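What follows is one structure encoded as structure tokens, with my remarks underneath.
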Amino acid sequence: MATTLRRGAVLLLAAALVIASSAISTARADDPVTGVGSSSGGASVVALQLGSLLRLAAVTETSAQSIDPSGGTPTATQTVTPLAGNAVALGDFSTPSVQTTSTGAPDTK
């Protein structure tokens, strides 16, 4: 019974992978941009939180981009912060961030 269940699960997983991989299409770098939209996100390599006493994030990356004409000129921003946090005894603290921003048409250099 367990062997049959495992085989069924493996077949179901294989079928799901085949369906998912057939739905993926790649875009070339020189394809024209179509549509509009905005996105943002971020991540930390290491994050530590000890209740309200300490919050610490090491190597945090955040980004935001928009190609929505109603939002103005297309913009992309990337920020990296080596260390940031908050401690009851110290308050907010962080090391200087590095940020880059690009606006307008794609750079094709």
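The values are calculated or read from the model by the stated rules, or taken from the named source; none is laboratory data. A quick note: this is a predicted structure, and the numbers were derived from the prediction, not measured. All Cβ positions, even for glycine, are placed from backbone atoms using ideal geometry, and neighbour counts span all protein chains on display. What goes into the accessible areas is simple: the full protein's heavy atoms, side chains included, and nothing from ligands, DNA or RNA. Shrake-Rupley method; radii C 1.70, N 1.55, O 1.52, S 1.80 Å.
For S102, the criteria (1) modelled with pLDDT under 90; (2) not in a strand (DSSP E or B) hold in every case but one, which is (2). Inside segment 59-97, residues that are closer than 21 Å to S40 by Cβ, in contact with a Ser or Thr (Cβ under 7 Å, 6 or more places away or on another chain) and aliphatic (A, V, I, L, M) make up a count of 5. Only residues that are in contact with an Asp or Glu (Cβ under 7 Å, 6 or more places away or on another chain), open to solvent by 60 Å² or more (accessible area, probe 1.4 Å) and among the hydrophobic types (A, V, I, L, M, F, W, C) were counted in segment 29-79, giving 1. Taken over segment 1-26, the criterion of being assigned to a helix (DSSP H, G or I), among the hydrophobic types (A, V, I, L, M, F, W, C) and either modelled with pLDDT under 65 or open to solvent by less than 90 Å² (accessible area, probe 1.4 Å) (or both) is satisfied by A2, A9, A14, A15, A16, A20, A23. Restricting to segment 43-69, name every residue that is outside any strand (DSSP E or B) and either in contact with a helix residue (DSSP H, G or I) (Cβ under 6 Å, 6 or more places away or on another chain) or over 19 Å from T101 (Cα atoms) (or both). Result: G51, S52, L53.
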